[in-house]
């Protein structure tokens, strides 16, 4: 089965995760795809492929090298799609031999892919572009990576003449809600190094991510009957509004930052007169930068509360993930071998920093150095999401060449 056919099959399975769920995985429907992947892996002849109780898929392509010390390499992608846009009833469309004209998505003609507006699209003229129909996301993030790993696994199983060490496959749930590695069993996985296949443009290699924290402000106001509230009522909703209004307007937000600039971003707000809650994500490429932003947020809270003497607010910060470059710099061969594999595939490597995170961020700090290689996904978390078939095919080639390079360098 080609990487395209696998991809088209996978994106039609709704695997959207839920940030407010207390279960793991956060949605049971993620298992629908994971169970299918296990069946397909077993049909390839990978006997140990299985889905564990937490929703992780583990599988091993047994090594066939005569060398005794070939490192065990893992390839990892996540099965869930973003909560930002629905992933139900995805209708993928293949725009063959795209000629560069605008792509109008038929189920919502206001959704239009234009090459001068979407990064890398102008480089895809003549290629086959896959989109959704306009009312859903596509799911290329990260089902492109899943399809590429599965296709590479099939290729290796069909070509035993290719020498490689043990290859581990890991498919995770709940990456999009920051819980993708929460229950992973690295001892069972047994890999020395890994690669997440969850990146954007062909040839990109990402060895640096944001460091990330979540913050939650719980505001307790003074509640009383509104008819008798003069001089007494301190409305928690209004206090929360003052805090949000006090955030910087022209800096420190996703819409005003780029490159290595971090931000403070409110993502959820709920409350009643007596109590309100604001949730934030805080991002920076250094831990010092995170601390500065958290101190700034606390300062804003303190200043606002000066106008509400009877009220209180508690800011709680929770670590989410850290910049994986700190770990990867200690293992230069992981990056070096990826560059060699891309060169062997006819690609010039483009090193990038991720203004976000991947499962590889946490895996690296858990003991599995794990940069991110391209999957070809673009405009993720939106109804304009797209992927090139040729880019997916090239990602499969890079995965296979990575297996070869690690065996040769051992």
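The values are calculated or read from the model by the stated rules, or taken from the named source; none is laboratory data. Quantities reported herein were computed from a predicted structural model and do not represent experimental measurements. Methodologically, a virtual Cβ is constructed for each residue, glycine included, from the backbone with ideal geometry; neighbour enumeration extends over all protein chains shown.
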Legend entry - Subset of the stretch 286-311 that is more than 24 Å from residue 251 (Cβ to Cβ) and crowded, with 16+ Cβ neighbours inside 10 Å - its residue that is farthest from the chain's Cα centre (by Cα): 308
Legend entry - Residues of the stretch 1-23 satisfying the condition of being within 17 Å of the chain's Cα centre (by Cα) and more than 25 Å from residue 155 (Cα to Cα): 14, 15, 16, 17, 18, 19
Legend entry - Any hit, the stretch 384-398, residues being at pLDDT 95 or above, closer than 15 Å to residue 92 by Cα and assigned to a loop (DSSP other than H, G, I, E, B): yes
Legend entry - Lone qualifier among 376, 310, 357 - being in contact with a strand residue (DSSP E or B) (Cβ under 7 Å, 6 or more places away or on another chain) and outside the structural domain of residue 75 (by TED's automatic domain parsing): 310
Inset, instruction - Look at residue 240 and say whether it is outside any strand (DSSP E or B), outside the structural domain of residue 91 (by TED's automatic domain parsing) and touching a strand residue (DSSP E or B) at 6+ places or on another chain (Cβ under 8 Å). - result: yes
Legend entry - Single match in 286, 218 (criterion: closer than 27 Å to residue 369 by Cβ and either outside the structural domain of residue 364 (by TED's automatic domain parsing) or at pLDDT below 95 (or both)): 286
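Residue by residue, here is whether (1) buried (at least 19 other Cβ atoms within 10 Å of the Cβ); (2) in contact with a helix residue (DSSP H, G or I) (Cβ under 7 Å, 6 or more places away or on another chain) holds:
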residue	(1), (2)
11	yes, yes
19	no, yes
24	no, no
28	no, no
32	no, no
39	no, no
45	no, yes
54	no, no
71	no, yes
Inset, instruction - Please give the strands (runs of 3 or more DSSP E) falling wholly within the stretch 129-213 in which 1 or more residues are in the same structural domain as residue 355 (by TED's automatic domain parsing), free of Cβ contacts under 8 Å to residues at least 24 places away in the same chain and closer than 17 Å to residue 392 by Cβ. - result: none
